[in-house]
Amino acid sequence: MNISSIIFYAISALILGAGILAVTSVKIFRSAIWLLFSLIGIAALYFWMQVEFIAAIQIVVYVGGIVILIIFSIFLTQQSGKDLPKPAISKMVFSALAALFGIAFTFNLINHYGFDNTSSAPFNASVNEIGMQMLSTSSHGFILPFEVVSMLLLASMIGCIVIAMKSSTSDTIPLNNKKD
């Protein structure tokens with residue numbers, strides 16, 4: 001086993017460990033922080049694959065955008081110190097079965113198709129090529145996923161605003177309706 005494989009497995013363990021801790025943490029703020037570490041691990045995986053531009057986009061969009069908005073909404077709702085409710089046993093069993101099905105399905109795909117390293121051509125990951133592919137409307141273009149990411153950011157901002165809004169029924173001061 002070479003050093004590249006060791007780095008890959010270490011980054012993968014970071015991503016999986018932080019992801020598992022993000023969904024099993026009892027405190028909502030800790031869950032958001034574990035999500036942050038998981039997304040940073042994915043950016044590290046992009047850096048390991050020498051796709052620095054995509055890694056930077058991962059950090060800016062997901063780590064800098066989505067997770068920070070989630071953390072701000074947690075603080076604005078003053079729920080950062082509270083425990084999350086315990087899930088029901090049926091939900092835990094269903095989640096475990098779904099995870100086992102996903103693992104079995106993934107191993108089946110890997111065994112059926114495999115990952116042969118048949119390409120000896122260098123991978124072109126220049127910013128110009130990535131930009132041309134992102135904005136292309138051809139059959140190999142990525143304009144739709146590019147727009148979906150922008151909609152994801154918009155939806156997360158709207159969601160944070162909705163979470164942060166307090167009910168106005170108890171906070172309003174009744175107007176004095178005196179007749180002069």
| message | List the residues, sorted by chain then number, that are 5 or more residues from Lys27 or on another chain and whose placed amide H is less than 5 Å from its amide H. | response | Leu84
| message | For a Förster distance of 25 Å, can you work out the FRET efficiency between the beta-carbons of Ile161 and Val61, rounded to the nearest 0.05? | response | 0.85
| request: May I ask you to sort Leu45, Leu16 by Cβ crowding, counting other Cβ atoms within 10 Å and putting the fewest first? | output: Leu16, Leu45
| remark: By Cβ neighbour count within 10 Å, fewest first, Tyr62, Tyr46, Tyr113, Tyr9 rank Tyr113, Tyr9, Tyr46, Tyr62
| task | Could you sort 53-61, 66-74, 130-138 so that the peptide with the highest average Cβ count within 10 Å comes first and the rest follow in order? | result | 66-74, 53-61, 130-138
| field | Contour excess over end-to-end distance, with Cα ends at Gln133 and Leu153 and 0.36 nm allotted per residue | value | 5.1 nm
| task | Mind sorting Trp48, Trp34 by how few other Cβ atoms lie within 10 Å of their own Cβ, fewest first? | result | Trp48, Trp34
| note | Residue span Ile103 to Tyr9: 0.36 nm per residue of separation minus Cα-Cα distance leaves a gain in nm of 32.1 nm
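Read-outs throughout are calculated quantities, based only on the coordinates presented, and are distinct from any laboratory measurement. Not measured: the values here are computed from a predicted model. When we count neighbours, we look across all protein chains shown, and the Cβ atoms used for this are built from the backbone with ideal geometry, even at glycine.
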